[in-house]
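Where a number appears in this text, it was derived from the coordinates with a stated rule and is not lab data. Bear in mind the structure is a predicted one, so any value in this text is a computation, not a measurement. For neighbour counting, all protein chains shown are included, and Cβ atoms are generated from backbone atoms with ideal geometry for every residue, glycine included.
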Number of protein chains: 2
Amino acid sequence: MFSKTCKYAINAMIYVATLPTEQERVGLKEISKAINSPEAFTGKILQALVRDELLASTKGPNGGFFIAKNPAEIVLSQIVESIDGDTLFTGCALGLEKCSEEHPCPVHHKFKAIRDHLTGMLMTTSLKDVAERVNVGISFLKY
Amino acid sequence: MFSKTCKYAINAMIYVATLPTEQERVGLKEISKAINSPEAFTGKILQALVRDELLASTKGPNGGFFIAKNPAEIVLSQIVESIDGDTLFTGCALGLEKCSEEHPCPVHHKFKAIRDHLTGMLMTTSLKDVAERVNVGISFLKY
DNA sequence: TATAAAAAGGATATATTTGTCCTGTAATAC
DNA sequence: GTATTACAGGACAAATATATCCTTTTTATA
Ligand code: FES
Ligand code: FES
């Protein structure tokens, strides 16, 4: 569904969003420990998120990462699109060059509903929503 | 969503299912041409489907592939599971080792509905259903 | 029986994804 | 301003997915 890279990205964003706003900046080491991901690889992913302005970072002592804007205004679809692109949202389930009503693959009519369901969920679920679930202890970022 | 391998597999199965029952056996070359897939690679995939008894084959002149049982009794989820395994149906969206109600990831509650939607669709859509759409000309296997 | 046709299977090649390592750069603190 | 800290970025490595090639096996048929 999502690439591993994308899963790491979502988990990392959620983790950073769970931290109290006072605590500005959290380090790569802490993030990758919290979400149980390979540190150096996670670093690359965070870089990409910073480039896409979903995350922000500062260097040097007490440096680290923080959410670029209000977590209530970042939705999961933005993270997915930033990392995996839009094939999940617009691509054909069976691999046709282009998904369209005019030249649909044999599952298009059924798949479209599912894709819209998924897309809708990702576009309406904010980082704040999911981070709160972690903060109240009903959801987890690692096993 | 599905691996390329799995997409080829589904398309190939659909193509074979579109052929009239009289026409026993269709060759690899014709299949890969019909679904626009690399021939040798498609051969490997068909082998796997034969091993899993979704397809059947005969060697020699006039040999080729044919659907192992009634296309009305083969559903898409069987093909997906045969090729990609069951991670799509049972795995965690965010990569937790195990998807569960007791230790859910932050999107579990929302993702479950979508996964069930998808699973239900794949389990209730038969090869016959989709092959007929191709045969009446409202769906296509290649661009 | 010899020949040809077609899938099966092994070995190998290529591309992509995932992951590591090391150096560079910016910021802070002393 | 020097040392230290932490992200940025480039080069490289490993793992996996995708794809090709060639030989073997089986079957049909001339
Ligand atoms: S054409 Fe295949 S999903 Fe739309
Ligand atoms: S725990 Fe992540 S989808 Fe169920």
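Some points to look at:
- Charge dipole magnitude, Cβ of K and R +1, D and E -1 - segment B:4-135, Cα centre, debye nearest 20: 400 debye
- Alpha-carbon centroid distance for the pair segment A:24-46 / segment B:39-90, whole angstrom: 42 Å
- Summed residue charge, Cβ within 13 Å of B:ILE74's Cβ, Lys/Arg positive, Asp/Glu negative: -3
- Whole-Å distance, taken between Cα centres, linking segment A:101-136 and segment B:105-126: 11 Å
- Least to most buried among B:GLU30, A:GLU39 (fewest other Cβ within 10 Å first): A:GLU39, B:GLU30
- Copy-to-copy label distances for B:LYS98, where each label lies 7 Å from Cα along Cα-to-Cβ, are 4.7 nm in order of increasing length.
- Cβ-defined net charge surrounding B:TYR143, 12 Å radius [Lys, Arg +1; Asp, Glu -1]: 0
- Contact order normalised by residue count of segment A:4-135, Cα under 8 Å, 6+ apart, percent: 29 percent
- Shortest first, A:PHE66 label-point distances to identical copies amount to 7.0 nm, with the label point at 7 Å from Cα along Cα→Cβ.
- Net charge of neighbours whose Cβ lies under 14 Å from the Cβ of A:SER32, counting Lys and Arg as +1 and Asp and Glu as -1: +4
- Most mobile of B:SER77, B:SER57, B:SER100 in a GNM of chain B (Cα contacts under 10 Å): B:SER100
- Based on every Cα atom in segment B:1-87, Rg and the maximum pairwise Cα distance Dmax equal 11.9, 39 Å.
- Cα-based Rg of the protein assembly as shown normalised by 2.2 N^0.38 Å, two decimals: 1.17
- Entries in A:LYS4/A:LYS110; A:LYS29/A:LYS128; A:LYS4/B:LYS44; A:LYS112/B:LYS33 that, when Cα-Cα distance is taken, lie over 32 Å: none
- By the Cβ-Cβ criterion of under 4.7 Å, the unpaired cysteines of chain A are A:CYS6, A:CYS105.
- A simple charge model with +1 on the Cβ of Lys and Arg, -1 on the Cβ of Asp and Glu and nothing else charged puts the dipole of the protein assembly as shown at about 520 debye relative to its Cα centre.
- Cβ-based charge dipole, chain A, positive-most Cα from A:CYS99, A:THR124, A:SER139: A:SER139
- Axial C-alpha extent at least 15 Å, average Kyte-Doolittle at least -1.0 - helices from chain A (DSSP): A:4-18, A:39-51, A:108-124
- Likely footprinting exposure, B:HIS117, B:HIS108, fewest C-beta neighbours within 10 Å first: B:HIS117, B:HIS108
- A point 7 Å from Cα along Cα→Cβ stands in for A:MET123, and the other copies hold the same point at 2.9 nm, listed in rising order.
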